[in-house]
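The values are calculated or read from the model by the stated rules, or taken from the named source; none is laboratory data. Just so we're clear, the structure is a prediction, and the values are computed from it rather than from any experiment. Cβ atoms come from the backbone with ideal geometry, glycine included; neighbour counts cover every protein chain shown. Heavy atoms of the whole protein, side chains included, go into the accessibility calculation; ligands, DNA and RNA do not. Shrake-Rupley method; radii C 1.70, N 1.55, O 1.52, S 1.80 Å.
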Amino acid sequence: MLWTPSDLAGNREPSYGASMDQPPPRKVEHQQTDRGYIPVYATGVVEQPWSGYTRTDHEVWDTLYQRQRELLPGRACKEFLAGVERFGLGDGGIPKFSELNKVLVKATGWELVAVEGLLPDEVFFDHLANRRFPVSWWIRKPDQLDYLSEPDLFHDLFGHVPLLLNPVFADYMQAYGRGGMKAFAIGPEALMNLTRLYWYTVEFGLMNTPEGMRIYGAGIVSSKGESIYCLDSPSPNRIGFGLERVMSTRYRIDTYQQTYFVIDDFAQLFNATRPDFTPIYAKLGAEPAHAAADVLDGDRVFTRGTREGFATGADT
Ligand code: PHE
Ligand code: CO
């Protein structure tokens, strides 16, 4: 996901997050600066250190997998559930990326690469633009099943990878990577607009299917609490997806979402994001952004949230 390094300083939503007092093991280099030595997370691709996983690591995977596998039928979209089955993510223990890649490369030409954690935006975009999906190799600790402050193996792999088997979604992710490189060159405001699109689709998207409202966002399917909340709670808004609407809406990183945007299918998402965003960035840059909880005239409202329990304070 597009957690930026600066996000790490703040709190994350309960979907991922817990306290920072027990950071997961990560390869860190130290760089001499005017302020002394500061840690720099490695940004390169590494080998998944599969034989280094402990019994506990494998048990954490199995526990999280079982929980979500029981919860998600009837909640997650069928494309996601099909991907989970096709990869055999529940065969027992942490999957080997090399095995998953045999399936993935053949299916859509995507490839998983192991990384230490969050990447700088431009490095992340470059991976996506080349159909490589970076997956954090380390997994959370047993006391972090419900809350973790940065994306780990379970979020990255279980949350994001199943949909990479879907041809339309796979193309969307690559197009997003290319669009990211473009936005990065345009400037920070364009990048913020694009980040909101990622947040409200790839991470927290819902889909209105003939069978009912379903989840496709990775940040939701990797969280037990939000998998229930996003569909069952009366508090949040559920609003039809609109490209400019989404790109101009701030989001919360410290709570469950206050608004979910709903697509009809992946083709709608892919087609809506086809146009050149350059003029859209220019237009949005001149207008104020909307608060996360706002409902606007012209919105296609599936549910107007009661806002009950909403945290006050700034949206990102
Ligand atoms: N069409 C977008 C652009 O021109 C690129 C993009 C595609 C961005 C898909 C996000 C998703 O910048
Ligand atoms: Co993510």
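Tell me, what does the Kirkwood hydrodynamic radius of segment 78-134 come to in angstroms if you use every pair of distinct C-alpha atoms? Could you put the intermediate results ahead of the total?
Working: mean 1/r = 0.0801 Å⁻¹.
Its Kirkwood hydrodynamic radius stands at 12.5 Å.
Pull out the extension gain between residue 290 and residue 145, defined as 0.36 nm times the separation in residues minus the alpha carbon to alpha carbon distance; nm, one decimal.
Taking 0.36 nm per residue and subtracting the Cα distance, the gain is 49.0 nm.
By how many nm would the segment from residue 63 to residue 282 lengthen if fully extended, with 0.36 nm per residue of separation less the alpha-carbon distance?
Value of the extension gain: 74.2 nm.
At residue 82 and residue 55, where each label point lies 7 Å from the Cα along Cα→Cβ, what is the point-to-point distance in nanometres?
Going from the residue 82 label point to the residue 55 one covers 4.0 nm.
When the helices in the chain are scored as -39500 (n - 2.57) per DSSP H run of 4 or longer and the sum is shared across all residues, what 222 nm value do you end up with, to the nearest 500 deg cm²/dmol? Don't jump to the answer; show the numbers that get you there.
Numbers: 11 runs with 112 residues, N = 316.
Calculated from helices alone, the mean residue ellipticity at 222 nm is -10500 deg cm²/dmol.
Which lysines, on any chain, are close to residue 78 with Cα under 29 Å apart, when same-chain ones fewer than 8 places away are left out?
Output for residue 78: 96, 102, 106, 224.
How big is the dipole moment of segment 71-201 about its Cα centre under a simple scheme where the beta carbon of each Lys and Arg is +1, that of each Asp and Glu is -1, and everything else is neutral? Debye, nearest 20, please.
400
What is the log10 of I(q)/I(0) for segment 42-155, computed with the Debye formula using one identical point scatterer on each Cα and no solvent, at q = 0.09, 0.17, 0.21 Å⁻¹?
Here log10 of I(q) over I(0) equals -0.25, -0.95, -1.39.
Apply the Debye scattering formula to the chain, with a single equal point scatterer on each alpha-carbon and no solvent, then give log10 I(q)/I(0) at q = 0.08, 0.13, 0.14 Å⁻¹.
Summing over Cα pairs of the chain leads to -0.33, -0.94, -1.11.
If you take the Cα atoms of segment 101-174, find Rg, then find the Kirkwood Rh from the mean of 1/r over all pairs, what is Rg/Rh?
Values: Rg = 12.7 Å, Rh = 12.9 Å.
Expressed as Rg/Rh, it is 0.99.
With equal scatterers on the alpha carbons only and no solvent term, can you work out the Debye log10 of I(q)/I(0) for segment 197-316 at 0.11, 0.13, 0.17 1/Å?
-0.34, -0.48, -0.84
Would you please classify the overall shape of segment 246-316 from the alpha carbon gyration tensor, given that a ≥ b ≥ c denote the square roots of the eigenvalues, rounded means a/c under 1.5, and beyond that prolate means a/b larger than b/c while oblate covers the rest?
Because a/c hits 1.5 or more and a/b fails to exceed b/c, segment 246-316 counts as oblate.
Put 312, 54, 201 in order of accessible area, largest first, 1.4 Å probe: what do you get?
Heavy-atom accessible area, descending, gives 312, 54, 201.
Taking only the C-alpha atoms, wrap a convex hull around segment 37-102 and report its volume per residue in Å³ as a whole number.
Each residue corresponds to 154 Å³ of Cα convex hull volume.
On the full set of protein chains, 1.4 Å probe, figure out the accessible area of residue 70 and give it in Å² to the nearest 10.
140
Could you calculate the contour length gain from residue 211 to residue 311, that is, 0.36 nm times the residue separation minus the distance between their Cα atoms, to one decimal place in nm?
32.8 nm is the gain from fully extending residue 211 to residue 311.
Which percent of Cα-Cα pairs in segment 130-264 sits in each 5 Å bin, short to long?
2, 9, 18, 22, 22, 17, 8, 2, 0
For 290, 30, write out the residues from largest to smallest accessible area, computed with a 1.4 angstrom probe and no ligands counted. Intermediate values should be presented prior to the final figure.
Details: 290 50, 30 115 Å².
I get 30, 290, largest accessible area first.
Grab the beta carbon distance between residue 304 and residue 31, set R0 = 41 Å, and tell me the FRET efficiency rounded to 0.05.
That gives a FRET efficiency of 0.25.
Please state the charge dipole magnitude for the chain, taken about the Cα centre, from unit charges on C-beta atoms (+1 on K and R, -1 on D and E), reported in debye and rounded to the nearest 20.
Values: 31 positive and 41 negative charges, 91 e Å.
For this selection, approximately 440 debye.
So which residue, out of 163, 89, 243, gets the largest mean-square fluctuation from a GNM of the chain using Cα contacts under 10 Å as springs?
Of 163, 89, 243, the most mobile in the Gaussian network model is 243.
Pick from 101, 237, 271: which residue has the top mean-square fluctuation in a GNM of the chain where Cα pairs under 10 Å get a spring?
Of 101, 237, 271, the most mobile in the Gaussian network model is 271.
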